[in-house]
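See below for the structure under consideration.
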Amino acid sequence: MGGRRSHSTPTAVIEITITVCFLALAAWFLFGPRVTAIPRTPPVAVVPAEISTAPVRAPLGDVPVAVIAGFEMRCMECHGLFESRPETARRLTQHTHIVLDHGLNDRCFNCHDDAQRDRLALRGDKTIPFTQVARLCAECHGPTYRDWQRGMHGRTMGSWDPRSDRQWRLICSQCHDPHSPAYKPFKPLPGPNTLRMGPLRKKDEQGPVDRADPLRHWQHEPERPHPPVPSKDLDPAHSRDDRSAQPEDRL
Amino acid sequence: MTDPPPEAGANDQSPSSGDRLDSGDSSRPTLTRRSFLRRSAAATAGAAALAASLRPLTDPEFDLGDVGSLQKFLQKHYKEMTEEEMDRALARIRREVEQRFGLTPNVRDVKAMDGVEFVYALNLSRCIGCRKCVHACAAENNLSRDPEIQYIRVLEIPKGTIDLERADHHYDRETVPDRDHFYMPVQCHQCADPPCVKVCPVEATWQEPDGIVVIDYDWCIGCRYCEAACPYWARRFNFTEPNLPADELNPDMAYLSNRPRAKGVMEKCTFCLHRTREGRMPACVEVCPVGARKFGNVLDPESEVSQILKSKRIFVLKEEAGTLPRFFYYFDERRPRSGANVPDAPAPVGRVELGDEA
């Protein structure tokens, strides 16, 4: 028995030592100073309406309806009764919300038909309903119209297959305001989460960094809510700018 | 010392009780009734414990933590699965989604269509950098919100160059587009000669007949070779368990595209194959408010992308990488709008302008 114990004791000691070593290593890997968490910022909330596939504009329908003084009016309900003056450069008394910003095209009757106000006027005597506005636009924007016909300009919806009956194309006025056709700038949706971590450090600003800090590649900034508000205080980037600006101040 | 026969008899009765060690060694003390009972009890308890611990393996649906279930562990490669095996896999995915998100998804295996090769075209003259595509993609494809994973990266590049070194996807503006920059969204280019597929050591990613490069999320070992091989930074890795609010889950799923992924696997843009293989548009195309994104079948001469490839000026990102992307950037022929976008643009002299503005 004595021989057995003398034989087993070193084995047990070795086993226990190895176990303790591995456990210590595991603890060091799990909780040690080199542990880096994945940098995280709170997820951004994107309202479903912001990624809606609906057309940007809802243009007037086949029989245009204008809301005037709270009443829904069809064109000819007024224009059929009152004879309007020939078009001159003057301030409008009705439809005053319309801002005409369409380049050289600065006359109402370039596009609208004088006699039938619920139709649009092509060159010559032809008129078309509002829903066929593309034919009118084509009179000036030929190459764009050609592209649109082939699907190279504008939005195609439903299906990628031109033979599918589920495919449809948006018409000009579903994206462009005919009176002010340039596409209006708007606020972009939030950028990648690294944007919300603050700007990346420049190489020359690296300096001594805490390797355990998951955000060590970024300059730390207070968490900005979306939409971001330009803040002048509490901002390390600004204090750094102030420091760099100091010598000039002394001069 | 005087009763070897009982010892032999004990061994005969219980050959599995672990007492065989004593049988051949005559110098050892013989087996007494007490020690026999003790050892038998210990062996029985051990065997029972082993059986209990292996019990989950008899239930193919039992959750084994990181491994998933035994069924998932033993599941075959996508290309080797029979229809019944695929049905079982889809049932498992359905069950897992129900457990995790509390709703029954419409998960299916959508095969490539015959005579279709998908191509993407993006109009750099029109893109305004609004990032709607980024978030529509995340919503459609059940991308992790925390940590954030996004397939599309919109680069903002100063006008007059296509130098990616000067590109910035961290732009943060009050309004877009900025007059001095243009915008170039980058996502998976579904290359015809994909470097990511070549480097995969387990063939967990491959190119489908319609050109879409897909991943079998259950076969991926997470080595990230493909991520390193991709010149477009199009592949994303799940470093942690992907998190997604249950009410934002898109239940319209396919095995190869947007079913929920697990920790430790790669994922990438699949041209929304659960939509496009059923004739619909990818989510990023349909949401683009300016119609800069175009998608279609390049084998069909009537399709929009065929028309674009025929008649527009095309730009291929990192053409020198030789990856033959199925993703093309194109431009409109147009002069700067009223000189506003390029302040120092010289007035055109002595040539006919073919601009689209009269």
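Just so you know, all these numbers are worked out from the coordinates, no wet-lab data involved. Values in this document were obtained by computation on a predicted structure and should not be read as measured data. No Cβ is skipped: glycine too gets one built from the backbone with ideal geometry, and neighbour counts run over all protein chains shown.
Looking only at other chains, what is the average number of their beta-carbon atoms within 10 angstrom of each beta-carbon in B:286-292?
If you average over the peptide's residues, the count of other-chain Cβ atoms is 6.
Please give the peptides A:75-85, A:9-19, A:166-176 ranked by average Cβ packing (other Cβ atoms within 10 Å per residue), highest first, as a rough proxy for protection.
Output ranking for A:75-85, A:9-19, A:166-176: A:166-176, A:75-85, A:9-19.
Quick one: Cα centre-to-centre distance for the stretch B:115-166 and the stretch B:219-291, in angstrom?
13
Label-point separation (nm) for A:Phe71 and A:Val47, each offset 7 Å from Cα along Cα-to-Cβ?
Label at A:Phe71, label at A:Val47, 3.4 nm between them.
Please give, to one decimal in nm, the separation of the simple spin-label points placed at A:Lys126 and B:Ala41, each 7 Å out from Cα toward the Cβ.
The two pseudo-label positions are separated by 10.4 nm.
Post the alpha-carbon centroid distance, the stretch A:118-143 to the stretch B:44-82, in whole angstrom.
69
Between A:Lys187 and B:Ala246, what FRET efficiency comes out of the Förster formula 1/(1 + (r/R0)^6) with R0 = 41 Å and r the beta carbon distance, rounded to 0.05?
The computed FRET efficiency comes out at 0.90.
Can you give the log10 of the normalised intensity I(q)/I(0) at q = 0.13, 0.17 Å⁻¹, computed with Debye over equal Cα scatterers of the stretch A:55-174?
Cα-only, vacuum Debye calculation for the stretch A:55-174: -0.63, -1.01.
Can you give the mean number of other chain Cβ atoms that lie within 10 Å of the Cβ atoms in peptide B:147-156? Mind showing how you got there, number by number?
Values: counts 6, 10, 2, 3, 0, 1, 2, 4, 0, 2.
Averaged over the peptide's residues, the number is 3.
Cα-Cα over 24 Å: which of B:Lys111/B:Lys294; B:Lys198/B:Lys310; A:Lys202/B:Lys318; A:Lys202/B:Lys198; B:Lys294/B:Lys318?
Violating the 24 Å Cα-Cα cut-off are B:Lys198/B:Lys310; A:Lys202/B:Lys318; A:Lys202/B:Lys198.
For B:Leu57 and A:Thr9, what does the FRET efficiency come to when R0 = 41 Å and r is the distance between their Cβ atoms, rounded to the nearest 0.05?
0.60
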